[in-house]
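Coordinate-derived values only; no laboratory data. For clarity, every value in this text was computed on a predicted model and none was experimentally measured. Cβ: placed from backbone, ideal geometry, glycine included. Neighbour counts: every protein chain shown.
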């Protein structure tokens with residue numbers, strides 16, 4: 001029986017022309033779990049942790065999460081969950097609902113009990129640009145772990161602050177990447193195009 | 001709604017564009033669905049119907065028939081050096097693509113029902129023409145030289 005233990009297969013170097021930079025772009029995408037065509041999406045898997053596209057069921061689309069400010073999606077993070085027998089990864093995506101209305105409030109209700117996949121754009125793309133678009137929740141889904149609204153909060157100014165979490169994912173990071181940044185951006189944008197009916 | 005009928009209705013709406021009635025907006029939505037297989041964006045944006053009308057008018061100027069192939073959201077088609085999504089896919093590209101990769105119909109939300117019926121002089125048998133596109137792209141990703149993106153960018 002083969003083990004799933006991984007082995008290191010390359011150097012951990014320093015690319016002085018592509019040093020890490022912090023930050024996430026202001027527009028992300030959130031997709032309802034059930035709206036994903038999993039058969040077609042799995043066919044787009046081109047490596048252990050790379051998908052060249054996320055395909056949606058007919059008539060479905062992803063939705064944009066727009067942020068403003070100096071630190072969009074602040075407190076988004078990934079961390080190892082070390083276990084005695086196996087180590088997994090927990091991932092958090094945090095954002096502020098920049099609008100408030102009765103309609104938006106129903107969206108918060110949906111977030112509170114639904115399952116989702118989120119795609120964010122890292123400002124640091126990596127030398128081969130494969131790290132630009134990071135997918136959260138494609139293994140175990142993103143679910144709400146925190147939601148709060150404080151009228152006099154200095155950062156959120158009364159808006160809903162939401163944290164979505166994927167627990168016990170097998171992979172540290174998963175990326176949406178196809179050929180180069182431009183093509184990957186097209187794949188990212190294609191998720192939120194108006195759906196075919 | 002036939003293509004010529006849409007063309008005539010677009011012409012009628014030109015003079016009313018600054019003050020659209022509820023019926024005009026419904027008509028724009030209907031034409032939009034005919035051409036783009038989707039509804040006008042549902043938002044409180046003030047100019048959404050005017051913008052949609054201009055999209056329709058542009059499409060009518062640049063094309064002579066309605067599209068019949070539509071991709072699912074999230075799908076990109078790599079074909080002949082170009083990258084196509086639902087925003088820029090044409091029937092010509094879709095036809096050539098599906099002739100070469102007939103097993104990729106799962107990427108399409110809509111295509112003509114009779115597309116794979118054998119027509120005189122054409123060989124559309126999936127058994128003879130099936131090619132594993134995933135293998136081709138996997139090879140590209142494994143052994144790729146870095147592309148600038150200019151080659152693949154499609155307006």
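If R₀ is 22 angstrom, what is the calculated FRET efficiency for the pair residue B:51 and residue A:108, using the beta carbon separation as r and rounding to 0.05?
0.15
Could you sort the peptides A:152-160, B:103-111 by per-residue average Cβ neighbour count (10 Å cutoff), highest mean leading?
Order by mean packing, descending: B:103-111, A:152-160.
For segment B:25-97 and segment A:58-83, write down the distance between their C-alpha centroids in whole Å.
29 Å
Inside 10 Å of the C-beta atoms of B:100-107, what's the mean count of C-beta atoms belonging to other chains?
2
Where the convex hull is taken over the Cα atoms of segment B:1-110, what is its projected area averaged over directions, in nm²?
7.7 nm²
Just to confirm the number: angle between the C-alpha axis of helix A:102-113 and the first principal axis of chain A, 0 to 90 degrees, nearest 10?
Roughly 40 degrees, rounded to the nearest 10.
Determine the shielding of peptide A:60-72 by partner chains: average, over its residues, the number of Cβ atoms on other chains within 10 angstrom of each Cβ.
The per-residue average across the peptide is 1.
Which length gain, in nm to one decimal place, applies between residue B:92 and residue B:62 when the Cα-Cα distance is subtracted from 0.36 nm times their residue separation?
9.4 nm
Contour minus end-to-end for residue A:70 and residue A:48, with contour as 0.36 nm per residue of separation and end-to-end as the Cα-Cα distance?
4.6 nm
For segment A:1-94, with equal point scatterers placed on the C-alpha atoms only and solvent neglected, what are the log10 I(q)/I(0) values from the Debye formula at q = 0.12, 0.20, 0.21 1/Å, to two decimals?
Calculated log10 I(q)/I(0) at the listed q: -0.68, -1.30, -1.28.
Output needed for the protein assembly as shown: three equivalent-ellipsoid semi-axes, defined as square roots of 5 times the C-alpha gyration tensor eigenvalues, in descending order, whole Å.
Calculated on Cα positions only, the semi-axes equal 37, 30, 18 Å.
What's the angle, to the nearest 10 degrees (0 to 90), between helix A:181-191's Cα axis and the longest principal axis of chain A?
40 degrees
Determine, from the Cβ-Cβ distance of residue B:113 and residue A:80 and an R0 of 30 Å, the FRET efficiency 1/(1 + (r/R0)^6), rounded to the nearest 0.05.
0.05
To the nearest 500 deg cm²/dmol, what mean residue ellipticity at 222 nm is calculated for chain A from DSSP H runs of n ≥ 4 alone, each contributing -39,500 (n - 2.57), summed and divided by the residues?
Helix-only estimate at 222 nm: -4000 deg cm²/dmol.
Let me confirm one metric for peptide B:74-87, namely the mean number of other chain beta-carbon atoms within 10 Å of its residues' beta-carbons.
6
Please work out the FRET efficiency for the pair residue A:151 and residue A:38, using the Cβ-Cβ distance as r and a Förster radius of 56 Å; give the result to the nearest 0.05.
0.85
Please report the relative contact order for chain A, taking Cα pairs under 8 Å with a sequence separation of at least 6, and give it as a percent rounded to a whole number.
Relative contact order here is 27 percent.
Over the Cα atoms of segment A:56-197, Rg to Rh with Kirkwood Rh, two decimal places?
Result: Rg/Rh = 0.98.
Quick check on chain A: of the DSSP beta bridges with both residues there, what percent are antiparallel, nearest 5%?
Counting DSSP beta bridges with both partners in chain A, the antiparallel share is about 95 percent.
Of all beta bridges DSSP finds with both residues in the protein assembly as shown, what is the antiparallel percent, to the nearest 5?
95 percent
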